[in-house]
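Trainee: Structure incoming, see below.
The values are calculated or read from the model by the stated rules, or taken from the named source; none is laboratory data. This is a predicted model, so every value here is computed, not measured. Reconstructed Cβ throughout: ideal geometry from the backbone, glycine too, with neighbour counts over all protein chains shown.
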Amino acid sequence: MLWIQFGNVKEGRMKDSQEWTKKNEGLFEKHAPPGWAYRGTFGTVLGFGTYDTALIMECGKYGDFDKLREHKDETWDRLGAEANEFLLPGQGQAILLREIGDVKVMEPLKKKK
C-alpha cells in the first residue's frame with residue numbers, strides 16, 4: 001500500500017524545504033518504522049496539483065500503521081518535527097492506495113424487481 005501525504009510549503013520556504021529533504025532522504029529510509037519503506041518526497045511542477053509536496057511511504061498491511069504510531073526512534077521523530085516546520089498547518093491531505101487487484105470491492109445491492 002502507498003500512503004501519500006500532501007502538503008503546502010510556507011511562503012518563501014520551498015528552496016529550504018527542497019534542500020532539507022534532499023539532505024535527509026537517506027535518514028528517512030534508514031529510520032523508517034518496521035514494515036515501512038520511504039519511497040520519496042515529490043514536488044509539483046508547472047502549477048499542476050493542489051499541493052506543493054507529496055511524501056510517499058509504502059507498507060504491506062493496515063497493522064503497519066500501529067507500528068508507525070508505536071515507532072520509537074529519535075531520528076525519525078526529529079525528521080518529522082523538522083519537516084513540519086516547512087509546512088502550512090491544516091493544509092495537508094493524505095490518501096492510502098492499494099494495488100487494484102487487492103482492493104476489497106463492495107458493490108451496491110441489486111434491487112429486486
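Trainee: Return the residues of region 41-72 that are under 23 Å from ASP102 (Cβ atoms), among the small types (Gly, Ala, Ser) and either modelled with pLDDT under 95 or not in a strand (DSSP E or B) (or both); say none if nothing qualifies.
Mentor: Hits for region 41-72 are GLY60, GLY63.
Trainee: Filter region 78-98 for residues that are surrounded by fewer than 10 Cβ atoms within 10 Å (Cβ to Cβ) and either in contact (Cβ under 8 Å) with a residue 40 or more places away in the chain or among the hydrophobic types (A, V, I, L, M, F, W, C) (or both) and give the result.
Mentor: Once the filter is applied, which keeps residues that are surrounded by fewer than 10 Cβ atoms within 10 Å (Cβ to Cβ) and either in contact (Cβ under 8 Å) with a residue 40 or more places away in the chain or among the hydrophobic types (A, V, I, L, M, F, W, C) (or both), region 78-98 yields only ALA81.
Trainee: Collect the residues in region 28-37 that are touching a His at 6+ places or on another chain (Cβ under 9 Å) and either assigned to a strand (DSSP E or B) or more than 17 Å from ILE4 (Cβ to Cβ) (or both), keeping them in residue-number order. Outline the logic, then answer.
Mentor: First, the residues of region 28-37 that are touching a His at 6+ places or on another chain (Cβ under 9 Å): 31-34, 36.
Listed by number, the residues that qualify are HIS31, PRO34, TRP36.
Trainee: So, one more: Can you tell me which residue in region 1-59 is surrounded by the fewest Cβ atoms within 10 Å (Cβ to Cβ), limited to those that are free of Cβ contacts under 8 Å to residues at least 24 places away in the same chain and aliphatic (A, V, I, L, M)?
Mentor: Among them, the one singled out is LEU46.
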